[in-house]
Structures are given as C-alpha cells and as structure tokens.
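Working notes, beginning with the structure itself.
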Amino acid sequence: MKKILFTLLVLLASVNSFAQFERDTYYLNTSVTGLDLTYTGESKLSLGVDVTGGLFIEDGWALIGELGMDYNHKHLQDLSAGAGIRYYIYDNGIFLGVGGRYYHENNKNMTGGNYNDLQAKVEVGYAFYLNHYLTIEPSVFYNQSFKNQDYSKVGFKVGFGFYF
C-alpha cells in the first residue's frame, strides 16, 4: 500500500510541476535588476525594478509584456516598456526569451535632454519553484541598442514569478 501511495504522490508531483506552463495560465513577475550588477558603457552601474506579465498561448510558450524603471547616479529615472515571447523547457525549468522594448531616459547627463531608443532583448533564466504558483527566477539578459552602443546593457536580475 505504501508503495502505491508513494507512486501516486510522485506521479501527481510530476504532473503539478508542469501545470504552470499550460495554455491559458497567467504569469506575473516582479524583479530587481541591478543591485549593482548591470553595466552599460554610458551609465556604469544601476538599480532597477521590472514588472512582467504574460499569458501562455500554448503549453510552454508565453507572450510577455514588461514595464521597467531604473535609477542610477547620473539620471533621475529611465523608463522602458516592451513585449516578447518566452519558451519554458519542461524538463528543467530553464526559460528562453526574446523581444523588443522602447527605452526612454529623462535628464540625460543632468542636462535636461531626453534619450529614446528601440532595443532588442534576449534573456535566459531558471524558474525555481517554491510551490505550485510561486517561483524565484534568476536570469541573465542582454538589451541591444540600435541607436547608441553605449546604451546596450548586459545584466542579471532576480524576480518572483506568480502563476495563476
């Protein structure tokens, strides 16, 4: 009897571990970028907050929208908005993302000027599940600026993902 219960429990746990990636599942993530872990040629180090939301359109595939704000020693605030797609690998929780974003910087170099840019984004991360609905998601990302190479950004972020 114990073997049967244990087998059923393992089977249910394996089914539940993939339920987050099913079609029509909603996704919300709040993450911290930086913590002095991002670098650009223009601003050196920064701290930022991102909010990402999405919907799984197929099993393992999610459409993503994001909003972000950065603060660093040179600028009052940098704002961004973007969209993309993510693919979650069922076997191990790794996700791959691509997308684009609009980037706006206020008070460029404290001179009062603004900077606007369109950027391509790639991201690789891992969804570490705390329970069926909550994850810790560290990821590495790269934002490629098409206007000025100094605004391209490589960084690391850590977030909490909610699946419902």
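Annotation: of all residues in the range 42-68 being among the hydroxyl-bearing types (S, T, Y) and in a loop (DSSP other than H, G, I, E, B), the one that is modelled with the highest pLDDT is S46. Within the range 114-147, being part of a loop (DSSP other than H, G, I, E, B) and loosely packed, with under 14 Cβ neighbours inside 10 Å holds for L130, N131, H132, Y133, F146, K147. Scanning the range 118-164 for residues that are in contact (Cβ under 8 Å) with a residue 24 or more places away in the chain and either of a type in the set (S, T, N, Q) or touching a helix residue (DSSP H, G or I) at 6+ places or on another chain (Cβ under 6 Å) (or both) yields Q119, H132, T135, S139, N143, Q144, S145, N148, Q149, S152, Y163. Does the range 156-163 contain at least one residue that is more than 17 Å from the chain's Cα centre (by Cα) and over 14 Å from F95 (Cα atoms)? So far as the range 156-163 goes, no, none of its residues is more than 17 Å from the chain's Cα centre (by Cα) and over 14 Å from F95 (Cα atoms).
The values are calculated or read from the model by the stated rules, or taken from the named source; none is laboratory data. Keep in mind it's a predicted model, so treat the numbers as computed, not measured. Positions of Cβ are generated from backbone atoms using ideal geometry, with glycine treated the same way; all protein chains shown enter the neighbour counts.
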